[in-house]
Amino acid sequence: MSGRRLAMLVAVLAVAGAVAWSALPRPETQTERVDRIASQLRCVVCQGLSVRDSPSETARQMRAVVSQRVGEGRTDRQIFDEFRDAYGDWIILSPPLLGWTGLIWLVPVAALLLGLLLAVRWIRAGPPPPKADPSPADLAMLRERAAREEALD
Amino acid sequence: MTWADLGASALRAALPIAIWGCGAAVYAVARRDGRALASARWATVLVLAFIGLAVFAMEGALLSHDFSILYVAQNNARETPLFFTAISLWAGLAGSILLWALVLAGATAYVAWRGTRDLPRLATTALAILLGMSVFFLLIMTTPVADPFTRADPVPANGLGPNPLLQNHPLMALHPPLLYLGYVLFSVPFAYAIASLILGEAGDRWLVATRRFALVSWGLLGLGIVVGSWWSYAVLGWGGYWAWDPVENAALMPWLVATAYLHSVMVEEKRRLLRTWNLALVVATFALTILGTFLTRSGVVNSVHSFTQSAIGPVLLGYLAAIVVLSVGLILWRMPRLAEAEGIGAPLSREAIFLVQNVVFVAATVTVLLGTLYPVFAEALTGAQLSIGRPYFDRVEVPLALALLFLMGVGPQLPWHGASRATLERQFTAPILAAAAGAAVALAAGLDGAFTVLTYALAFFVAATVVQEFARGVRARGTLHGEPPAVAFVNLLRRSGRRYGGYVVHLGIVVVALAIATSQAATIQVEQTLSPGGSMTAGPYTITFGALRDAAEPQRDLVYADLTVTGNGVQENVRPALAFYPNATQAIGSPGIAPGPREDVYTILSAYDTRGSSWATIRVLVMPLVSWLWIGGGIVGIGALIAALPQPKRRPVAQRAGALPAEAEGARM
C-alpha cells in the first residue's frame, strides 16, 4: 500500500473514530433532560414553537411543570402522557412512530431507498461512456476542449 | 382622479392587452407570422407599463395615507414610519400579488424582446405561456379575489398599520421581494420547458436558453431564505433562526428542487441524459413556488377552516392543480420523443454522483412537503389535530443534509464519464486528510454530538476540494499564461465563472453548515430575574441590568431593559425590548443582540415588573458563529452571481492547440 493510500485510510478511520466516540451516550443532567422534553412539546400559544424555544409566559409555565415532574422522578413517558391527556396529541411536536403518523417516518425513508435503487440501477445500466474511435472532426473538437480545460484545470 | 381609480383603471387596461398579447403570440407561432410577434412584443411593454402604473398608484396611496383603499387602511396607519409605509406594498396579500405581477411582466417583456431574437419559435411559445400567467394574475386583481384597490367603506380616519412583526426591522424591505423575484423568475425556465414540450423539441435548447434565469432565480430565492432567517433571528426573539415553520418550508422546497435541477442540467448538457427528469424538476420547482404562495397566503396551514374563508386559497389551488395536470400530461404525451440512452454506465463519474445527489434532494423535499401538509390533511380528513415540528424535521433532514454535504465534496472531484484509480487518489488525498483535521477541530473545540463532529469533518472535506481546485487552476494559469496568482484567481472567476462560481457557492454552503452545526450544538442559555444593578453570568459573559425604561414612538410604545454585556474583551450595551402596538394584543419581543465573529450574545426581555420596575426577567443566549450564517449566505449569493455573469468570449484555442506548451502537461500532477 502506497503512503498516500495509507494516509487516507488512517484519516478515514480517525474521522469514523471521532464520530463514534462523540456518539457514545453520556449521562444526562437534569437540565438537559428538561430541555429535551421541552423541545418535544408545543407551546400552546405560539405558532409551532416548542416549549424550549418559546420566550412566552405560557411556555415558561409549561417548562416549570416539566421541570417539576422531572424533579419528582417521573419517566419521560409519564410526562408526555400527562401533557397529551391535557391537550391531546397536538401537544407533541414529533408524531409517534406507531399508527397512521408512522407514515411520515416511513415515506422519507422509502422515497430515499426507492430513489437510490432506481438511480443505482440506471447508473449501472447502459453502455460504458463512449470511448470509440472519434472522427477527425470530433478529434479536433476534443483537442480544442482539452487545451481549453487544461488551461484552466 | 383618486389613487384607487388610477390603479384600478391601469389593471383593467392591462388585462385585455395581456389577453391580446397571449393570442398574438399563439398566432405568431402557429402561422409563423412576424407581425403578430411584433404585436405581442408591444403588448408586453404595455402590460408592464400599466402594471407599473398600478404599483405607482398603490405606492402613492400608501405614502399619502389614502385610507379610502381597503388595503391601505388595513396595512398602513398615519403614524407608520415613512420607510415601513413604502414597503407596505408587500405587507399583505393583494399588494404582494401586485408586486408579483410587476416582476412577471418585466420577465415577460425581457423574453419578448431578447429571447425571441435567439429562438423565435420556442421563445414565442414561452411568451404566450408567460402572458397567460399574467392574464391569470390580472384576472384575480380585477375581481374581488385579490383586488388591491378595493374601496374601504366607510373610510376610516386612520388605518390599522402593518402587522407589527413586519414593521419591526428593515430586513423586511428585502426578504419578501427577494423571495418573489426568485419565485417569479423561475416562471421563465418553466415556460420554456413547457414550450419545448408543446413544440415537441427533443433537444436541450430550452434548458440552455434559460440556464441563467434558473441560476439567478435560485440565487435570489436562497438569499431570500437567508434574509428571512436573519429577520426571524433579529425580530422574533426566540433565539433561533429556523423553526421549520410552514411558511419557511414553503420557501425551502422550491429551493431544494431547484438546487437539484442546477446540477442535473449539466448532465443533460454533457451527456444528453436525464431529459425527462430535468423537465420534471422544472415543473416541480415551479409548482412548489405556487404551492408556497398558496400555503403562505391562504392561511391553510394555521387552520383548515381559514382556507374557505378567503377566495384566494381555492383560486391558487385550482391554478396549481391546472399547472401540475397540464405539465404532467404534456411530459407523458412527449415521452416517446424524449427517449434517451438507457443508462449512465459509469458508477464513479460526476454524472452518477449528480444523479444520487438529485435523489437525496428530492427525498429531502418530499419530507418537508409531507411534514408540512400531513397535519392539514389529517385535520381535513379526520378532524384530529396533530403537530409536526422541529423534532421531526431535524431528525429526518439532518442526516439527508449531511449526505448532501458529502456528495458536494465528491461530485466535482470526479471527472465526467468515469474516473480511474489514479484520478481518485489524486483528487481525494488532501480532502480526506482535511476531513480528519475537521473532526479534530470539532473535538478540540469541545463540540459534542456525532452529527456535529461529522459536519465539521465533511465541511473541511468540501472546503479542501474547493481550495484544491482553485490552487490547481491558479497554478495552471500561471504556467500557461505567466499570470501572477492574484490575476490568475480573478481570471478563473471571470473566464470560467460557471465552474469556479459554483465552487464559491460550495464554500458558502460549508460556512453555513459550520455555523448551523456549531450554534445548534453549543448554545448556552440562561434565564434569571434581576433587580436594577444586579447581574448574571452566561458562559464567559456578565450581563448587568441597569434599569427598565419606557419609550414612546408614534406607532408603538416600548419597554426596554438597559443591559451591559461584559467579558471576553467585549463591553457593549444592549436593549432587549417589548413593543406594544395598538393593533396587536400581545407584546412583541425585540431582542438585544451583541453580535461578534465568535459568538453573539442574544438577550430577551421575558417579563418585567409592570408596577414598580423593580425587577426584570432576562433570558440570555450565547450563540457561537451565528454571524457566519449570514456571511455564508452572502458568499453563496456572490458565487451565484459569478456563475451567472456572462463570460468573456474565448479566443479560439484551436489554432494554438497544436502548439500546446509542454509546461501545461508538466503542471499536472
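The values are calculated or read from the model by the stated rules, or taken from the named source; none is laboratory data. Since the model is a prediction, treat every value here as computed from it, not as a measurement. Neighbour counts run over all protein chains shown; Cβ positions are idealised from the backbone, glycine included. Protein only, heavy atoms only, side chains kept; ligands, DNA and RNA dropped before computing areas. Shrake-Rupley method; radii C 1.70, N 1.55, O 1.52, S 1.80 Å.
For the protein assembly as shown, a crude dipole built from +1 on the beta carbon of Lys and Arg and -1 on the beta carbon of Asp and Glu, taken about the Cα centre, is about 2800 debye to the nearest 20.
Protein heavy-atom accessible surface, 1.4 Å probe, per residue over the range A:3-91: 56 Å². Contact order for the range B:398-461, expressed relative to its length and based on alpha carbon pairs under 8 Å spaced 6+ residues apart, stands at 40 percent.
Take every pair of alpha-carbon atoms less than 8 Å apart whose residues are at least six positions apart; their mean separation over the length of chain B yields a relative contact order of 10 percent. With R₀ set to 56 Å, the beta-carbon distance separating A:THR31 from B:ALA202 gives a calculated FRET efficiency near 0.35. Which of rounded, prolate or oblate describes the range A:3-91 when judged by the alpha-carbon gyration tensor and an a/c cut-off of 1.5? Here the range A:3-91 falls in the prolate category. Across peptide A:28-41, the average count of Cβ atoms from other chains found within 10 Å of a residue's Cβ is 1.
Solvent exposure of the range B:455-510 amounts to 36 Å² per residue of accessible area, where only protein heavy atoms count and the probe is 1.4 Å.
Of the trypsin sites (Lys or Arg not before Pro) in the range B:1-53, the ones in a loop by DSSP (not H, G, I, E or B) with at most 12 other beta carbons within 10 Å are B:ARG32. The residues B:ASP600, B:ASP550, sorted by heavy-atom accessible surface at 1.4 Å with ligands and nucleic acids left out, run B:ASP550, B:ASP600 from largest to smallest.
Under the rule a/c < 1.5 gives rounded, and otherwise a/b versus b/c splits prolate from oblate, where does the range B:466-553 land using the Cα gyration tensor? Note, shape of the range B:466-553 comes out prolate. Across the options B:LEU252, B:GLY478, B:SER217, the greatest Cα extent toward the positive end of the charge dipole of the protein assembly as shown (unit charges at beta carbon of Lys, Arg, Asp, Glu) belongs to B:GLY478. Counting Lys and Arg as +1 and Asp and Glu as -1 over every other residue whose Cβ lies under 14 Å from the Cβ of B:LEU424, the net charge comes to +4. A simple spin-label model places pseudo-atoms 7 Å from Cα toward Cβ; at B:ARG494 and B:ARG549 they are separated by 5.1 nm. Count neighbours as other Cβ atoms within 10 Å of each site's Cβ, and list the trypsin sites (Lys or Arg not before Pro) in the range B:269-302 that are DSSP loop with at most 15 such neighbours. Here the trypsin sites (Lys or Arg not before Pro) that fit, given the DSSP loop and packing criteria, are B:ARG272. Pull out a ≥ b ≥ c, the square roots of the eigenvalues of the alpha-carbon gyration tensor of chain B, then state rounded if a/c is under 1.5, prolate if not and a/b is larger than b/c, and oblate in the remaining case. Verdict is oblate for chain B. Could you check how much of the accessible area of the range B:114-176 is carbon and sulfur, as a whole percent, using a 1.4 Å probe? Looking at the range B:114-176 in its full context, I get 62 percent from C and S. Computed with a 1.4 angstrom probe on protein heavy atoms, the A-B interface buries about 6000 square angstrom of accessible area in total. When B:PHE406, B:PHE377, B:PHE393, B:PHE50 are compared by accessible area of protein heavy atoms, the largest-first order is B:PHE377, B:PHE406, B:PHE50, B:PHE393, using a 1.4 Å probe. Ligands, DNA and RNA aside, B:TRP277 has an accessible area near 80 Å² when probed at 1.4 Å. Among B:168-176, B:69-77, sorting by the average number of other beta carbon atoms lying within 10 angstrom of each residue, highest first, gives B:69-77, B:168-176.
Distance between the modelled labels on B:ALA322 and A:VAL65, one decimal in nanometres: 4.8 nm (7 Å Cα→Cβ projection). What does the charge count around B:GLY446 come to, taking other residues whose C-beta lies under 15 Å from its C-beta (Lys +1, Arg +1, Asp -1, Glu -1)? Residues near B:GLY446 contribute 0 overall.
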